[in-house]
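Novice: Encoded as structure tokens, here's the structure I'll be asking about.
FYI, it's all coordinate maths here, none of it is from the lab. Owing to the predicted nature of the structure, the values given are computational and were not obtained by experimental measurement. Positions of Cβ are backbone-derived with ideal geometry, glycine not excepted, and every protein chain shown enters the neighbour counts.
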Amino acid sequence: MKKLNDKDIADMIGTEFIPENDSVKKEVRKSLHLSTLVPKPEILPAHPIIDFHNHTEEESWNMLAQVAASGTRSATVITGASGILKIKFQQWATDSILSPRIASFRPLNNGSFEVKFHKK
């Protein structure tokens, strides 16, 4: 005797087969490894310190974007006293897709900034 699969059942009833049993849904999720496909959100400290030293422009952008999206209210960004990342950070904070999330930023010294973020 042939074992019926979901397509066979759907063909018999004339509509898509959606299992009602929670144990079936759990088995399907387990077999598809769905818990490993969606990364768990990283928990950031209340006031993270983002240090751009020894990072590329892309890596620095990603770090800033992650903190901006995390829901934290403020952070310290260390750009270094000279170099492109100090200029880039100021451009990102004023004129980029991240700028609507950044409420304000101010220099703490010659190479770092205090950044305030809007609530989500």
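Novice: Using θ = phi - 60° and the Karplus form 6.51 cos²θ - 1.76 cosθ + 1.60, what ³J(HN,Hα) does each residue of the stretch 70-76 get, whole Hz, x for Gly and Pro?
Specialist: 6, x, 5, 8, 8, 7, 10
Novice: Another question about this same structure. Using a Förster distance of 35 Å, how high is the FRET efficiency between Thr56 and Lys26, based on the Cβ-Cβ distance and rounded to 0.05?
Specialist: On the way: r = 42 Å, r/R0 = 1.20.
Once the sixth-power term is evaluated, E becomes 0.25.
Novice: Read phi for every residue in the stretch 47-63 and hand back ³J(HN,Hα) as whole Hz from Karplus 6.51 cos²θ - 1.76 cosθ + 1.60, θ = phi - 60°, with x for Gly and Pro.
Specialist: 3J(HN,Hα) across the stretch 47-63, in whole Hz: 10, x, 10, 9, 10, 7, 4, 6, 10, 6, 4, 5, 4, 5, 4, 4, 5.
Novice: Determine the percent antiparallel among the DSSP beta bridges restricted to the stretch 49-117, to the nearest 5.
Specialist: Details: 11 of 14 bridges.
So the antiparallel bridges amount to about 80 percent of the total.
Novice: Here is a further query. For Ser74, which sequence-distant residues (separation of 5 or more, or a different chain) have an amide H within less than 5 Å of its own amide H, given hydrogens modelled in the peptide plane?
Specialist: Distant-sequence amide H within range of Ser74: Phe117.
Novice: Mind giving me the nanometre distance, one decimal, between the label points for Ala65 and Lys119, set 7 Å out from Cα along Cα→Cβ?
Specialist: Calculated label separation equals 2.6 nm.
Novice: With the crude spin-label approximation of a point 7 Å out along Cα→Cβ, what separation in nm comes out for Ser96 versus Lys7?
Specialist: Result: 4.7 nm between the two label points.
Novice: Please list the equivalent ellipsoid semi-axes of the stretch 55-102, computed as the square roots of five times the alpha-carbon gyration tensor eigenvalues, in descending order and whole angstrom. Present the calculation step by step, with values, prior to reporting the outcome.
Specialist: Numbers: eigenvalues 58, 27, 21 Å².
Taking √(5λ) for each Cα gyration eigenvalue gives 17, 12, 10 Å.
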